[in-house]
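S.K.: Pasting a structure below so you can have a look.
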Amino acid sequence: MTDSFNQRKSEVLKKIDKSSKGSWDKPIQKLCDKINKQENYYTTSSCSGRVLIMIDQEKKAKGLFNWISHKKISFKELKKEIEKLKTNIPIKFKQDPCILHVACKSIKDAQALYDKAKRIGWKRSGLISFDKRIILELNSTEKLEFPIMQNNKLLINDEFLETIVKDSNKKLERGWKKIKELRKTIP
């Protein structure tokens, strides 16, 4: 089991980033690096949190995202992106929390990392795979999601957009703080 874990870890860490962004999110990179240096863990995917405008549908598909930011946003920036939209397709605003997938050598290792993350506030976390690989998903709770456009008509006004920007930026900052706190707990 140890040999296959180490082999998979080596193979995964050599792979090219296949995310739509194509690179690590800066706020989570040091945490991932620290985890990947641990003998019993390696990361398989991560996101430090993001803000996006997207087609409002359940299934993932190509072309779903109209705009994505992994940084804090401004009212002007968000308003500009919304004004570009000309569609009868329902559109929603979404602010996602930080998320991290970690392969663990054993259930005991997964439990140890889970306990650390849970104490810091990564409340929506747990095992998502324990068949071929033990994968722990660490998921924070800072999230917003609601429709903003229907039938080419904007459903929200500028005052609401300003509130969204402030709230989203606060939630991103809280998530980044949790990332830093988790990084401090790992030797």
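S.K.: Can you give the angle from 0 to 90° between the axis of helix 2-14 and the longest principal axis of the chain, with both taken from C-alpha atoms, to the nearest 10?
M.R.: 40 degrees
S.K.: Among 70-78, 164-172, how do they line up from the highest to the lowest mean number of other beta-carbon atoms within 10 Å?
M.R.: Peptide ranking by packing, descending: 164-172, 70-78.
S.K.: Something else about it: Can you compute the charge dipole magnitude of the range 46-141 about its Cα centre, using +1 on each Lys and Arg Cβ and -1 on each Asp and Glu Cβ, nothing else charged? Give it in debye, rounded to the nearest 20.
M.R.: Charge dipole of the range 46-141: 180 debye, to the nearest 20.
S.K.: Which value in deg cm²/dmol, rounded to the nearest 500, describes the helix-derived mean residue ellipticity at 222 nm for the chain, given -39,500 (n - 2.57) per DSSP H run of n ≥ 4 and division by the residue count?
M.R.: Theoretical 222 nm ellipticity from helices: -13000 deg cm²/dmol.
S.K.: Let me ask something else about it. In the range 119-161, what is the volume of the convex hull around the alpha carbon atoms, normalised per residue and reported in Å³?
M.R.: Measuring per residue, one finds 115 Å³ for the Cα hull of the range 119-161.
S.K.: Could you give the size of the charge dipole of the chain about its Cα centre, using +1 on the Cβ of each K and R and -1 on the Cβ of each D and E, expressed in debye and rounded to the nearest 20?
M.R.: Dipole of the chain, to the nearest 20 debye: 400 debye.
S.K.: Now a separate question. Determine the per residue accessible area of the range 1-107 with all protein chains present and a 1.4 angstrom probe, expressed in square angstrom.
M.R.: Accessible area per residue, the range 1-107: 60 Å².
S.K.: Which one of 43, 89, 111 has its Cα pushed farthest toward the positive end of the charge dipole of the range 1-142, where Lys and Arg give +1 and Asp and Glu give -1 at the Cβ?
M.R.: 89
S.K.: When the accessible area of the range 46-187 is computed with all protein chains present and a 1.4 Å probe, what percentage of it is carbon and sulfur?
M.R.: Exposed carbon and sulfur together represent 50 percent of the surface.
S.K.: Using the alpha-carbon atoms, what tilt in degrees (0 to 90, nearest 10) does helix 107-120 show relative to the longest principal axis of the chain?
M.R.: 40 degrees
S.K.: So what's the angle, to the nearest 10 degrees on a 0 to 90 scale, between helix 158-185 and the longest Cα principal axis of the chain?
M.R.: That works out to roughly 10 degrees.
S.K.: Over the range 7-121, what is the relative contact order in whole percent, taking alpha-carbon pairs under 8 Å and six or more residues apart?
M.R.: Computed over the range 7-121, the figure is 31 percent.
S.K.: Report, as a whole number in µm² per second, the diffusion coefficient that Stokes-Einstein gives for the chain at 25 °C and 0.890 mPa s using the Kirkwood radius over alpha carbon pairs.
M.R.: Rounded to a whole number, D works out at 137 µm²/s.
The values are calculated or read from the model by the stated rules, or taken from the named source; none is laboratory data. This is a predicted model, so every value here is computed, not measured. As a convention, Cβ positions derive from the backbone with ideal geometry for all residues, glycine included, and neighbour counts pool all protein chains shown. In case anyone asks, the SASA skips ligands and DNA or RNA and just uses the protein heavy atoms, side chains included. Shrake-Rupley method; radii C 1.70, N 1.55, O 1.52, S 1.80 Å.
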